[in-house]
Each structure stands twice: as structure tokens, then as C-alpha cells.
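Single-structure report; data block below.
The values are calculated or read from the model by the stated rules, or taken from the named source; none is laboratory data. All values derive from a computational prediction rather than experimental measurement. All Cβ positions, even for glycine, are placed from backbone atoms using ideal geometry, and neighbour counts span all protein chains on display. Surface accessibility is based on the protein's heavy atoms, side chains included, excluding ligands, DNA and RNA. Shrake-Rupley method; radii C 1.70, N 1.55, O 1.52, S 1.80 Å.
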Amino acid sequence: MEQILVNGLYLGAQYALIALGLTLIFSLMNVLNFAHGQMYVFGGFVTYTVVAQLGLPFIVGLLLSAVVLGVMGALIEKFLFRPVIARSKREESTMLLAAGIAFFLDAVILLLFGEKQRGIPKIVDGVFNWDFRIVIPYDRILIFVLAISAIVAFIMYMQYSKTGRAMRALAQDRVAAELMGVDVKYYSMIGFALGAMLAGLVGGLLVSITGINLGMGGPASIKAFMMIMIGGAGVISGAIAGGFILGMMESVGLTLLAVYGDITYLVIFVMLMIFLSIRPQGLMGKPWG
Amino acid sequence: MRRRILLKSVAAGLLSLGLFSSAAMAANETLKIGFVGVTSGPAASWGISNQRSMETRAAWINETGGFKIGDKTYDIEIVAFDDQKDPKRAIAGMEKMAQEGIHYVVGPNVDDGAAAVRPVAEQNGIMYFPYAFPQSLYTAPASNAVLGMVANYQSGPAIYKYLKAEKGVKKVAFIAANESDPLSQRDGGVKAAKDLGLEVVSDSVTYQVDTTDFMPVLLPVLRTRPDLLVLSGVSPANAPQLIRSAREAGYEGIISTETAQDAQVLKEGAGKLANGFISVGGASTPEMASDMMREFVERYTKMFGEYNDESNTKVYALEYILETIKADPAGITDVEVFKKTMDTFEVANPYMNGDAKMKYVGTSSFGQKRQVAVPLVVNVYEDGEFKTLFVAEVD
């Protein structure tokens, strides 16, 4: 049981970090960013290039992943989403644009980084083993701590910084925020950049554990959408809760249901359908949006 | 005036350039060879190594004047289609090949795709070279598919027998992705292990192909304390993570697979933890590789930046197609002629040292020659490179 909890917490921390960026973008711009998984993959490849190819320290790779994806996010918002949102009131326009960006990023990743699975050397050697009741490598503990630190830093930033307050105001009521003098265009761009930056950061973190490959983007996006559906779309605390719930469900399912074959995600999807039919706005979302 | 002269010069230049290009293109006819396989998603590495191997060899042939078949010389054009590992897309890809008048196709890479394209290939007179293992594809009445590699039911028993005799393996556990290929390979492996008298302690645990954390998946398997952990049909993307998680969880037994892997990917993903990992290697290990194979690797690396060890096997399909057509040029549009040629076809293997031959095999497994002859090379990974454990022959 201890091992299940530890696995669940570790998975939950990384999932929550993935979901945070997605829910931030959704809350600010009402955009379902289908390219979020590809951004995560791109971030992983940036860290891989910096650490494995250029031989620089992991922390440099991590910071560069965040910066590169932040800039990419800002450019995508300014030159792609902003004009589309200005010209079209139909929500599917932004959804199609996001899907197009996902395909585009897949192609760019293939061209720049190739088709192979990539990884970097272990950042910390050794395994914590408590009498085989809990077995967890030290690098996973480190990544867990870094992920939790990033989540806390993000919450503090949103709570106490001027930019964070402006973005929260934007998320609550875009028109009211604009009337109160919030520069909607600027903070939308910052929000999108921050969301993409979080995707890049988690990609950089996980390349040291799971490695990265071209095909990881789509499944990562699907899991991220599941998390924000569980927690409530556009709600920061909901994304965190959704991430930890999904991580824990996966850990429990993979251990207890293993004898029945690979039915963990089947069970999770069935539970999700039942849950959403009862509470379509998720755990912490509001029925009115 | 000067402007008019300039315009005339440009027009004349463009015209002559066009004429020159046409003349150059008219020098050789073009022979199109198709590829239908997966070049996107988690298994992209399998198909991309196929496609790039074909493109490298085609560019090499074209650069050196083309490929002579009968009294004509052809430039080789590779027409590629990404089936995204989706059988419906694979069918669409094979239909595209038929529409383009292509009679020879490499791929698909996986079982369900290869099975799905069979009717299209047979109706349109297409020979195809899948990297998929269902025996029904290669056994009569089927006759248009040619297995492009060594199947798991051919390599698995050889590996288990070796490990039982040499390493004292008694208990085996299998883990596979929840997809048709790995599952069928697992079932084949379980049967082979039981036939050899090995105890199968776990064969029901599967994982999603997009799993990122394998520790929870592996723990129930490792609790059965196997001497050998078989990663059935594992993709190069998942292999390093599975190995790493198993070792980090304290597993000290042997880990093996029957699929081809890439040493660099293992090195980056699992490092020293991958030492001792046994896989089926490419058909041209450093000891076996000829000068032509080394040049192929150089050209591939120059074209695409980095070589893929899986191409040691995937270099062969295009070579087999071209050389078999060359043996009887009527086969260029008539696959029935090609099939007849296959029965007696035998030429020197240009990618291997010694007197190795390119010929069709498979009579033992399929009752007819529907498999390319590549040696069964079983490798062990040690410190960033594969070392040959043993070599065997199929048929």
C-alpha cells in the first residue's frame, strides 16, 4: 500500500504540473490548447539537447526549456490565437488552430530532433529502499520535490504578484477586467506564455526520468484534458486536484487490477463518464463556467 | 532596350534550363517503390528507419547512374505513406500505391496493418514486405507478402534455449504493451517457453503504449521473481524505461526482447542499467558488415544526421525487391513472375562479409519461400554498444 501511495503522489505531481498550464490557458482565453502535449515534448527535447548534446548542467536545460517554451507560447498567442479570436467568435476556430499547431509542432520536432526516444543521464544515482515496502529512485524523489516546488511557486505567483492578480481578474471576467484597466491583450499573451512555459518545464523535468519521444505529445494532452475535466476546467486548484486524483487512480489501478490485464484506464474512463454525468463542471468548476 | 535584352536572356536561360532538366530526367526511367508504415507516434522509429533506409539507398543508386534492369536503367523513387499505425490508414496507403501503379511496397510495420492491406495488395498485384509476424500472411493461399525480418517465433525459442542452457534460466515472466503485435508476440513467446520446459511465472501484465512511469506496471511482475523478464514486442521508445524501472526496483535477472533496438537509445534512456539486455540485432553487426554496409551507414548518417541500428535489417527489403526484379525483368510489372523468381533467386549479399547470400527462405515456418534471408543475430548490450551473443540461420 505504501508503494501505491508513493507512486500515486509521484505521478500526481507531474500530472498536476502538466494540467496547470493547460487550465491557465483555458481560463484566460477559453482556448482548448490541443498542442499542450507537443509543447511538453518540445520542452523535453530542449533539455535533452542542452544536457546530452551540449553537455551543460541539467538546471540550465530546465531553465532554457522554460524560456524557449515561454517565448514560443507568447509568439503563438500574439500571431496566431489573437488574430483568430479577434476575427472569429466561433470556438471551433481556436480548437482547429490548436490542433493545427499540434501537427505543426510534431513535424518540427521530427525535423529538429528526429524520431528516436531520447533521454539524459540520471541526475542522481541510487534508490531509496525501505525494506521493499517503498522502493523509489532518488532522482524521482528529486523530480517530485521540484514539481511540487514549481506548483507552489506558480500558486504564489498567481496569488501575490501584480501579473498574477491581473490574470486572475481576466479569468474571472474578461470584460470587467478590461473596464478596470487591465491590459487584456498583454496579460493574455503573458498567460499563454506562462502556460507553455509550464509545459516546457515539466517536459524538461521528465526527460531525466521517462525520456522523451515524438509520439508522447498526443497522449500527454489527453491525460491533461482528463485532469482538468476531473478538477474543473479553468480552475487552478482543480487542475492540481485532478492531477493528483488521476495519478493516484493510475497507481492503484496498475497494482490492484494488474491480474485482470490492462484495464486500469478502461476503469478510469468509465468512472470519469459516470462522474461527469453527475458533475459535468468537475470537482471545483462552476456550472456557469 | 537593356531591360528587353535582360528579359530575353532570362527567358532563354529558363528555357534552356528547362530543356536541360527534361533531357536529364529523360535519361533514366523512374521505378517507383512504395513504403506504407508508421512514421509518427510512439512507434515512429520503426517506420522512419524503414523509410530512411530506402531513401538513402535510392539516392545512392540514383547518384551512381541508376539501377540496371534488363536493357534499361532506372532511377529509384520512394513513395512513402504514413499509416500512423492505423489499419484503416494502411489500407488507404496501399490503395494510393495501387493508384500510382506501384507493384512493390515495403511495410506495414505492425500486425494489424499488414493483415488489413492484404486484400488491397492481392487485388492490385502488389508484393509487399511487412515487418509483421502473423503466419497467415506468408502461408498459402496468401502469396503476396514477404516477411522482411526474423519473426519472434523464430528468434524467441533460440534465445530461450540459449539462456536455459548457458545461464540456467528456469522461470520466465512476460510483459507486453496492450496492442496486437506485442500481445501476439507474448503469446508466441509463452508457448515457446513452455515447449522448452520453462516455468512461466507471469504472462498477464500489460501496459498502455503511452505509459510514462513503468514502476507501478512492473512491480507485480517482479514479485514473481523470474530469472528472465521478456519484454514482448517492446518498442525502442519503451525498452529503456522498462529496463531502467526493473533495475531500479531491484530486479537482477536477465532482460530480453525479440525486437530490434537501438544502442544509442538504450544508452541515453537506461545507461549502465541496460548492460546485459538481450535483443535481436540487425543483420549486419560490426564483425559481419561489408564495405558497402559501412558506406550505407555513412550515407544514411550524412542524409539524416544520425544512424538508426534498426536499419541494419531494414536496408535489405529494397535490395531484395530490386535484385529479384533484375533477375527477371518481366517482374517489374508482373508480380507472378516475381513470385516464380523468388523460388530460385540467389545472389551475393552485398552488405555482409564472406559468402553470405541474399535468397528467400521461410519454407519451414510458412511452407513457401516468403521471407528474406537475414541472419538471426542475437545481441547483448554492453556500455553503449551491441555485442554479438550468437548467430543462427532461419529456415
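Of the residues A:SER221, A:SER188, A:SER149, only one is closer than 23 Å to A:GLY238 by Cα and out of contact with any helix residue (DSSP H, G or I) (no Cβ under 7 Å at 6 or more places or on another chain); which?
On inspection, the qualifying residue turns out to be A:SER149.
Going through segment B:355-389 one residue at a time, which ones are buried (at least 20 other Cβ atoms within 10 Å of the Cβ), of a type in the set (Ser, Thr, Tyr) and either outside the structural domain of B:ALA140 (by TED's automatic domain parsing) or free of Cβ contacts under 8 Å to residues at least 12 places away in the same chain (or both)?
B:TYR381 - this is the single residue of segment B:355-389 that is buried (at least 20 other Cβ atoms within 10 Å of the Cβ), of a type in the set (Ser, Thr, Tyr) and either outside the structural domain of B:ALA140 (by TED's automatic domain parsing) or free of Cβ contacts under 8 Å to residues at least 12 places away in the same chain (or both).
Could you tell me whether B:ARG186 is assigned by TED's automatic domain parsing to the domain that holds B:ILE159, among the basic types (Lys, Arg), in contact (Cβ under 8 Å) with a residue 40 or more places away in the chain and not in a loop (DSSP other than H, G, I, E, B)?
yes
Could you tell me whether any residue of segment A:34-48 is assigned to a loop (DSSP other than H, G, I, E, B), touching a residue at least 12 places away in the same chain (Cβ under 8 Å) and within 29 Å of A:MET284 (Cβ to Cβ)?
yes
How many residues are in contact with a Ser or Thr (Cβ under 9 Å, 6 or more places away or on another chain) and either polar (S, T, N, Q) or open to solvent by 40 Å² or more (accessible area, probe 1.4 Å) (or both) if we restrict to segment A:93-106?
Qualifying residue count, segment A:93-106: 2.
State all residues of segment B:198-246 that are assigned to a helix (DSSP H, G or I), open to solvent by 10 Å² or more (accessible area, probe 1.4 Å) and more than 9 Å from chain A (Cβ to nearest Cβ); if no residue qualifies, say none.
B:LEU222
Find all pairs meeting these conditions: Cβ atoms under 6 angstrom apart; at least six residues apart or on different chains; first residue within segment B:27-55 and within 14 Å of B:GLN261 (Cα to Cα); second residue acidic (Asp, Glu).
Pairs found: B:ALA44/A:GLU115; B:SER45/A:GLU115; B:ILE48/A:GLU115; B:SER49/B:GLU310.
Got a sec? Which of A:GLY44, A:GLY61, A:GLY37 is farther than 20 Å from A:ALA171 by Cβ and under 12 Å from the mean Cα position of the chain (by Cα)?
That would be A:GLY37, the only listed residue that is farther than 20 Å from A:ALA171 by Cβ and under 12 Å from the mean Cα position of the chain (by Cα).
If you go through segment A:173-190 one residue at a time, do you hit one that is open to solvent by less than 10 Å² (accessible area, probe 1.4 Å) and at pLDDT 90 or above?
Yes: one or more hits.
Have a look at A:VAL145, A:VAL152, A:VAL127 and point out the one that is open to solvent by 50 Å² or more (accessible area, probe 1.4 Å), within 17 Å of the chain's Cα centre (by Cα) and more than 29 Å from A:SER188 (Cα to Cα).
A:VAL145
Pick from A:MET197, A:MET229: which is farther than 21 Å from A:PRO280 by Cα, open to solvent by 10 Å² or more (accessible area, probe 1.4 Å) and hydrophobic (A, V, I, L, M, F, W, C)?
A:MET197
For segment A:233-249, indicate whether the set of residues that are touching a residue at least 40 places away in the same chain (Cβ under 8 Å), over 28 Å from A:GLY73 (Cβ atoms) and in contact with a Gly (Cβ under 7 Å, 6 or more places away or on another chain) is non-empty.
Among the residues of segment A:233-249, at least one is touching a residue at least 40 places away in the same chain (Cβ under 8 Å), over 28 Å from A:GLY73 (Cβ atoms) and in contact with a Gly (Cβ under 7 Å, 6 or more places away or on another chain), which makes the answer yes.
Looking at (1) buried (at least 19 other Cβ atoms within 10 Å of the Cβ); (2) under 20 Å from B:ALA58 (Cβ atoms); (3) out of contact with any Gly (no Cβ under 8 Å at 6 or more places or on another chain); (4) at pLDDT 95 or above, can you tell me which one B:VAL315 breaks?
(4)
Here are some residues: A:LEU69, A:LEU5. Which one is in a helix (DSSP H, G or I) and more than 14 Å from chain B (Cβ to nearest Cβ)?
A:LEU69
Exactly one of (1) within 14 Å of chain B (Cβ to nearest Cβ); (2) not in a helix (DSSP H, G or I) is unmet by A:LEU205. Its number?
Of the numbered conditions (1) within 14 Å of chain B (Cβ to nearest Cβ); (2) not in a helix (DSSP H, G or I), the odd one out for A:LEU205 is (2).
Taking the conditions exactly as written (of a type in the set (Lys, Arg) and surrounded by fewer than 15 Cβ atoms within 10 Å (Cβ to Cβ)), does B:LYS339 satisfy them or not?
The answer is no for B:LYS339.
So, in segment B:278-302, exactly how many residues are in contact with a helix residue (DSSP H, G or I) (Cβ under 6 Å, 6 or more places away or on another chain) and within 30 Å of B:ALA193 (Cβ to Cβ)?
4
Report, by residue number, each residue of segment B:27-45 that is closer than 16 Å to B:LYS96 by Cβ and in a helix (DSSP H, G or I).
If the condition is that a residue be closer than 16 Å to B:LYS96 by Cβ and in a helix (DSSP H, G or I), then no residue fits.
Is it the case, given these coordinates, that B:TYR360 is closer than 16 Å to B:MET127 by Cβ and not hydrophobic (A, V, I, L, M, F, W, C)?
Against the criterion (closer than 16 Å to B:MET127 by Cβ and not hydrophobic (A, V, I, L, M, F, W, C)), B:TYR360 qualifies.
Just the residues that are within 23 Å of the chain's Cα centre (by Cα), loosely packed, with under 12 Cβ neighbours inside 10 Å and at pLDDT below 85, please, taken from segment A:253-289.
A:LYS286, A:GLY289 - these are the residues of segment A:253-289 that are within 23 Å of the chain's Cα centre (by Cα), loosely packed, with under 12 Cβ neighbours inside 10 Å and at pLDDT below 85.
Just to be sure before I move on: is B:MET352 in contact (Cβ under 8 Å) with a residue 24 or more places away in the chain and open to solvent by 20 Å² or more (accessible area, probe 1.4 Å) in the structure I sent?
Criteria met by B:MET352.
Filter segment A:98-130 for residues that are under 25 Å from A:GLY195 (Cβ atoms) and not aliphatic (A, V, I, L, M); which is farthest from the other protein chains (Cβ to nearest Cβ)?
Ranking the candidates gives A:GLY100 first.
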